[in-house]
1. Mind listing whichever residues of segment 195-245 are small (Gly, Ala, Ser) and either touching a helix residue (DSSP H, G or I) at 6+ places or on another chain (Cβ under 9 Å) or crowded, with 18+ Cβ neighbours inside 10 Å (or both)?
2. Which one of these is in contact with a helix residue (DSSP H, G or I) (Cβ under 7 Å, 6 or more places away or on another chain), farther than 30 Å from Ala331 by Cα and of a type outside the set (Lys, Arg): Ala91, Ala116?
3. Within the set of pairs 6+ apart or on separate chains, which have a first residue in segment 149-161 that is over 23 Å from Met57 (Cα atoms), a second that is part of a helix (DSSP H, G or I), and C-beta atoms under 6 Å apart?
4. If we scan segment 307-316, do we find a residue that is in contact with a strand residue (DSSP E or B) (Cβ under 7 Å, 6 or more places away or on another chain), surrounded by 20 or more Cβ atoms within 10 Å (Cβ to Cβ), small (Gly, Ala, Ser) and assigned to a helix (DSSP H, G or I)?
5. Working only within segment 92-128, note down all residues that are assigned to a helix (DSSP H, G or I), touching a residue at least 40 places away in the same chain (Cβ under 8 Å) and among the aromatic types (Phe, Trp, Tyr).
6. Which pairs turn up if I take residues in segment 10-36 that are farther than 13 Å from Val231 by Cβ and look for partners that are modelled with pLDDT of 80 or more and not β-branched (Val, Ile, Thr) with beta carbon separation below 7 Å, at least 6 apart in sequence or on another chain?
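The values are calculated or read from the model by the stated rules, or taken from the named source; none is laboratory data. Nothing here was measured: the structure is a model prediction, and the numbers come from that model. Positions of Cβ are backbone-derived with ideal geometry, glycine not excepted, and every protein chain shown enters the neighbour counts.
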Amino acid sequence: MGRFERYLSLWVALCIAAGILLGRLAGDSITVLSDMVWAGVNLPVAILVWLMIYPMMVQIDFSSIAQVGKNWKGLGLTVVVNWLIKPFTMAFFACFFFDHLYKAWITPEEADQYIAGAILLGAAPCTAMVFVWSYLTKGDANYTLVQVSVNDLILLIAFIPIVRLLLGITDIPIPWDVLAASVVTFVVIPLIFGYLSNRLLLRFKGKEWFKEVFLHRLKPVSIIALLTTLVLLFAFQGDTILNKPVVILLIAIPLTLQTYFIFFLTWFAGRFLKLRHAVCAPAAMIGASNFFELAVAVAISLFGLNSGASLATVVGVLIEVPVMLSLVAMANKWRY
C-alpha cells in the first residue's frame, strides 16, 4: 500500500469528524443533499460510490470471465458464508449482547429494535463497497464481479425469507425499487462504462499506457471518493450520533465482533480450500462487509427514521470503513 493508503484510518477519522461538524454547521440546509433521491437512492452518495467502483470495473477483462468457473470453490464459499452462516451468527451476536449483556443499560423494547437493525445488516451482504476492498487487496477483478453478481441474484430471492425468519415478521414491505436502483447504480452503470472505456483505451492508447499511466493516475480517485462519502454520510447522521454516544458504542461492539468473526471464518476456510490470495481476500471481504444502503432503507421503511433499528444500521455504516480497512491491512500482510 502507498503512503496515503497506509494512513487511511487517520483520514477516515478526520472525515468522520469533518462530516459531523459539517452537519452541525449546515443544520437543516444539509437536507438539500439528503433530499436528492431517485428511487430511494441518494444521488450524491451514488455518484461517489460509482467513483469508488469504476477503478475496479475498468480493469476487468471480460474475455476471461468464462474462466471464472475454475474458482467454483471460492464462489461456493461466498454463498455458504453469506447466506447460510452470516445472517444467523449476526442474530446470535445481537441477541446475546442486547438481550443479555446489556440488560442493565437498555430496555427490552430498545433491545428488540437494535436486534432488528443488526439482523437487517446481516441479511444484506455487500454489493458495492466490496469492489473497493477487493481493489485494495489486489483481488481478482473478474472473480469479484461474478461473486457480487451471484450475491445480487440470491439477494433478490433470499433476503425476505431470511429476514422474516429471524425477525418473526410475516409480511415485510421490502423496497424493491431501492434494491433495483442500487444494483443498477452501483453495479450495472459503472460496469458498462468501465467496459467501454477499457476497450477504447486499450485500442487507442495500448496496454502499456493503460496499466502504467491511466491506472496509476486513477488509483487515488477511489480513495478520495470513499473519504468524501464518509463526510456526507456523517453530515446526514451527525446529530443522532452525538446525542447517543454510549448507545452507539454498545451497538458497535457486537457488529464489530461479527465482522471480524466472519472475516476470519471465511479467510481460514479459504486457506483450507487452497484458494489463491486474489480469490480468498475478496471472498472474506464480501462476507465481512454489508450492503448498508439496503439495510438502512429497509429499517426506515419498517420501523421509522428515528427508530432504534435505523440507528443500528447507521452504526453499521459508522464502523464499516475503519473495520474493513483493518481487515484490508490484515489481508495484505498475510498475502501468500
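1. So in segment 195-245, the residues small (Gly, Ala, Ser) come out as 197, 206, 222, 225, 235, 238.
Answer for segment 195-245, where residues must be small (Gly, Ala, Ser) and either touching a helix residue (DSSP H, G or I) at 6+ places or on another chain (Cβ under 9 Å) or crowded, with 18+ Cβ neighbours inside 10 Å (or both): Ser197, Ser222, Ala225, Ala235, Gly238.
2. Working: Ala91 fails: farther than 30 Å from Ala331 by Cα.
Answer to the selection: Ala116.
3. Close Cβ pairs satisfying both conditions: Ala158/Trp83.
4. Filtering segment 307-316 for residues in contact with a strand residue (DSSP E or B) (Cβ under 7 Å, 6 or more places away or on another chain) gives 316.
Applying the additional criterion that residues be surrounded by 20 or more Cβ atoms within 10 Å (Cβ to Cβ) yields 316.
Pick out the ones that are also small (Gly, Ala, Ser) and you get 316.
Add one more test, that the residue is assigned to a helix (DSSP H, G or I), and what stays is 316.
Yes, some residue in segment 307-316 is in contact with a strand residue (DSSP E or B) (Cβ under 7 Å, 6 or more places away or on another chain), surrounded by 20 or more Cβ atoms within 10 Å (Cβ to Cβ), small (Gly, Ala, Ser) and assigned to a helix (DSSP H, G or I).
5. Hits for segment 92-128 are Phe93, Phe96, Phe97, Phe98, Tyr114.
6. Within 7 Å, the pairs are Met36/Pro44.
Yes or no, residue by residue, for (1) at pLDDT 90 or above; (2) within 25 Å of Ile47 (Cα to Cα); (3) over 15 Å from the mean Cα position of the chain (by Cα); (4) of a type outside the set (A, V, I, L, M, F, W, C):
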position	(1), (2), (3), (4)
Lys274	yes, no, yes, yes
Ala278	yes, no, yes, no
Pro282	yes, yes, no, yes
Gly287	no, yes, no, yes
Phe291	no, yes, no, no
Ser301	no, yes, yes, yes
Leu305	no, yes, yes, no
Thr313	no, yes, no, yes
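Per-residue answers, yes or no, for (1) touching a Leu at 6+ places or on another chain (Cβ under 7 Å); (2) at pLDDT 80 or above:
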position: Leu33; (1), (2): yes, no
position: Gly40; (1), (2): no, no
position: Ile60; (1), (2): yes, no
position: Lys73; (1), (2): yes, yes
position: Gly76; (1), (2): no, yes
position: Phe98; (1), (2): no, yes
